[in-house]
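The values are calculated or read from the model by the stated rules, or taken from the named source; none is laboratory data. None of these values were measured; they are calculated from a predicted model. Reconstructed Cβ throughout: ideal geometry from the backbone, glycine too, with neighbour counts over all protein chains shown.
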Amino acid sequence: MRALETFPNLVTMFFARAAEGGDRPFLWTKSGGAWHPLSWAEVARRVASLAAALKAEGLRPGDTVMLVSENRPEFCIADLAIMAAGCITVPTYTTNTTRDHQHILTDSGARAVIVSTAKLASVLMPAVLRSQVNLVIGMEPLRAVQGDTIRCRAWDALLAAHPADVAACAAAQTAQRDDLACIIYTSGTGGAPRGVMQHHGSILCNVEGALKVIAEDFEWEDEVFLSFLPLSHAYEHSGGQFLPMLLGGQIYYAEGLEKLAANIEEVRPTFMVVVPRLFEVLRTRIIKGVEKQGKLANFLFRQALRINGDDVKNGGVALWDIPMQMIVARTIRPKIRKRFGGRMKAMVSGGAPLNPDVGIFFQSLGITLLQGYGQTEAGPVISCNRPGAGIAMDTVGPPLDGVEVQVAEDGELLVRGELVMKGYWRNPAETERALEGGWLHTGDIGEIDERGRIKITDRKKDLIVNDKGDNVAPQKVEGMLTLQPEIGQAMVAGDKRPYLVGLLVPDADWLKDWARGRRMSPEAAMNDPALLTALRAAVDRVNEDLSVTERVRRFILADEPFTIANEEMTPSMKIRRHIIRKRYQDRLDALYKG
């Protein structure tokens, strides 16, 4: 087994691996129908050049720099260069609205922005013009901004103007593990995105813990990762960028969801960091593919699922099933493994809860699936299933090395260790609440089994986590809905689902006037299709100011207002979500059908 190293900061770690990697490929992208690599040495040169350019443009240690880009080599290069210049990266989602960008620019105090395309810049620039930013760097050509308050620079020109001195850049790194590396914004229960301060040690603790799992349970070799989740998400940022970097592996950037299956077969990754929604999509495709292969294939497929399901439930395969298990291992499993490239060691699921049945499905077909658990405030990985500890699909595995987890008196999971954030940027009140007593209060209810594996049993907080792992604060969306004159009350739902749906109560006064204009009673108006059209217009107005993940796609009307009398409202006038969900769950679930 290779030695496990520790580093003082992420940039030093990168330069150490780059020196070892030399001209071997590191970052891959596809264009013109073929995959093209950038070597470790070339990436190191570009990092050093961009770091020098940022300094020459007036950025100083401690300045924050927003990074708006899809997954591509330039994201990794920019991220490292920002840190190499002593600055702090603020990665943001490409799906953000102008209002989202405005909040993050203002809150983070960003001095500069690096953006990938003109399309993304068209949403970003209105916010930049109202901010303190005075430098914008475009990875691709950008439209010039009139005036002299903002300097626009071209990526290629900056690199060309500042020849690389890799050795000098590497030697200049003085950051320690306790120093701030990036600020990742995540929605809080109060609605406004909060900046999670991740220090170098937080991410290094995460990837070192993950590396130990790989080294002990899978053997550490020449690892290949396929990067698919947004790099602005803490999960992909740590697990899909810095982990393969520490491993000295290769990163391929996927072309998108529609080409992901083909990319997997082409790239043949050894590891993938994914969210449950992807497993559900792949599961559907596999089932449809098998259905087309005839009766024998379908029979063997069903046997594979049944045998492994029994194995999980009973702790072993029945003696009479062993011959069939051997047949399945020689027929079905090789075909499935080929669809995943043929050398996949494990797919790691995180960001949102995984349905155990989906996990068992993939295990049955010979694909090792590990469910992890964490949050942005913890680097973000707290725990992960691992073969050595026994994989149980209803658990999220034992904590990573160097991570302490305990269960509070009320059942809340508390976490302590180097992985825990420094706090929320410019938000001491929320920081104190989240880190009370020196422990990160996760907001999740859980327990720890006899083998040290964590099991999540409930949520203490109202935060919605969709099936892609994106966080949505329901209070923010509900508050914006009820600002519309047509809507009196609202509750949104969408946990573990692909999008948000809503339950609406029309504003009583507005409904009276609307009904009167149509010469009907408010009661009769509730059954008028035109009412849904009017409310749809109100919802659409709200959606214009929300990010893609926050938008309410479909909705239904409540039978009656939420009140204290029907127990759907607390005395302090807060909606009781669990009571409302219990009453309307079937109708809300129906919004995802058809």
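Scan the stretch 88-103 and give yes if some residue there is modelled with pLDDT of 95 or more, in contact with a helix residue (DSSP H, G or I) (Cβ under 9 Å, 6 or more places away or on another chain) and within 22 Å of H162 (Cα to Cα), otherwise no. Among the residues of the stretch 88-103, at least one is modelled with pLDDT of 95 or more, in contact with a helix residue (DSSP H, G or I) (Cβ under 9 Å, 6 or more places away or on another chain) and within 22 Å of H162 (Cα to Cα), which makes the answer yes. I'd like to check something: does the stretch 525-546 contain any residue that is of a type outside the set (K, R) and under 21 Å from the mean Cα position of the chain (by Cα)? Yes, the stretch 525-546 contains a residue that is of a type outside the set (K, R) and under 21 Å from the mean Cα position of the chain (by Cα). Condition check: surrounded by 12 or more Cβ atoms within 10 Å (Cβ to Cβ), modelled with pLDDT under 95 and polar (S, T, N, Q). Does N527 satisfy that? Judged against the criteria, N527 is not a match. Selection over the stretch 431-481 of residues that are surrounded by fewer than 16 Cβ atoms within 10 Å (Cβ to Cβ), outside the structural domain of Q406 (by TED's automatic domain parsing) and of a type in the set (V, I, T) gives a count of 0. For the stretch 241-281, a residue qualifies if it is under 16 Å from the mean Cα position of the chain (by Cα) and on the phi > 0 side of the Ramachandran plot, and exactly one does: G256.
Evaluated against (1) touching a helix residue (DSSP H, G or I) at 6+ places or on another chain (Cβ under 8 Å); (2) exposed (fewer than 15 other Cβ atoms within 10 Å of the Cβ); (3) of a type in the set (A, V, I, L, M); (4) free of Cβ contacts under 8 Å to residues at least 60 places away in the same chain, A168 falls short on exactly one condition, (4).
I'd like to check something: does the stretch 378-385 contain any residue that is under 14 Å from I456 (Cβ atoms), hydroxyl-bearing (S, T, Y) and in contact with a Phe, Trp or Tyr (Cβ under 9 Å, 6 or more places away or on another chain)? Checked the stretch 378-385: at least one residue is under 14 Å from I456 (Cβ atoms), hydroxyl-bearing (S, T, Y) and in contact with a Phe, Trp or Tyr (Cβ under 9 Å, 6 or more places away or on another chain).
What do you reckon, is A508 small (G, A, S), free of Cβ contacts under 8 Å to residues at least 24 places away in the same chain and exposed (fewer than 14 other Cβ atoms within 10 Å of the Cβ)? Spelling it out, it is not the case that A508 is small (G, A, S), free of Cβ contacts under 8 Å to residues at least 24 places away in the same chain and exposed (fewer than 14 other Cβ atoms within 10 Å of the Cβ).
A count restricted to the stretch 28-70 and to residues that are surrounded by fewer than 22 Cβ atoms within 10 Å (Cβ to Cβ) and part of a loop (DSSP other than H, G, I, E, B) stands at 10. When restricted to residues that are surrounded by 19 or more Cβ atoms within 10 Å (Cβ to Cβ), farther than 24 Å from I77 by Cα and not aliphatic (A, V, I, L, M), the stretch 101-159 contains 2.
Out of G469, G494, one residue alone is small (G, A, S), touching a strand residue (DSSP E or B) at 6+ places or on another chain (Cβ under 7 Å) and at positive phi. It is G494.
Is there a residue being within 21 Å of G86 (Cα to Cα), at pLDDT below 95 and either assigned to a strand (DSSP E or B) or among the small types (G, A, S) (or both) anywhere in the stretch 179-189? Checked against the condition, which is being within 21 Å of G86 (Cα to Cα), at pLDDT below 95 and either assigned to a strand (DSSP E or B) or among the small types (G, A, S) (or both), the stretch 179-189 yields at least one hit. So which residues in the stretch 549-571 are under 18 Å from R587 (Cβ atoms) and in a strand (DSSP E or B)? Answer for the stretch 549-571, where residues must be under 18 Å from R587 (Cβ atoms) and in a strand (DSSP E or B): V552, R553, R554, F555, I556, L557. At least 2 residues being in contact with a Phe, Trp or Tyr (Cβ under 9 Å, 6 or more places away or on another chain) is the threshold, and among the helices (runs of 4 or more DSSP H) wholly inside the stretch 98-169 those reaching it are 98-108. E447 meets the conditions (1) in a loop (DSSP other than H, G, I, E, B); (2) more than 15 Å from Q375 (Cα to Cα) in every case but one. The failed one is (1). For the stretch 473-480, state whether one or more residues are in a loop (DSSP other than H, G, I, E, B) and under 21 Å from the mean Cα position of the chain (by Cα). Yes, the stretch 473-480 contains a residue that is in a loop (DSSP other than H, G, I, E, B) and under 21 Å from the mean Cα position of the chain (by Cα).
Rundown of residues vs (1) of a type in the set (S, T, N, Q); (2) surrounded by fewer than 21 Cβ atoms within 10 Å (Cβ to Cβ); (3) more than 18 Å from K345 (Cα to Cα), yes/no style:
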position: Y252; (1), (2), (3): no, no, no
position: G256; (1), (2), (3): no, yes, yes
position: A261; (1), (2), (3): no, yes, no
position: P269; (1), (2), (3): no, no, no
position: M272; (1), (2), (3): no, no, no
position: L282; (1), (2), (3): no, no, no
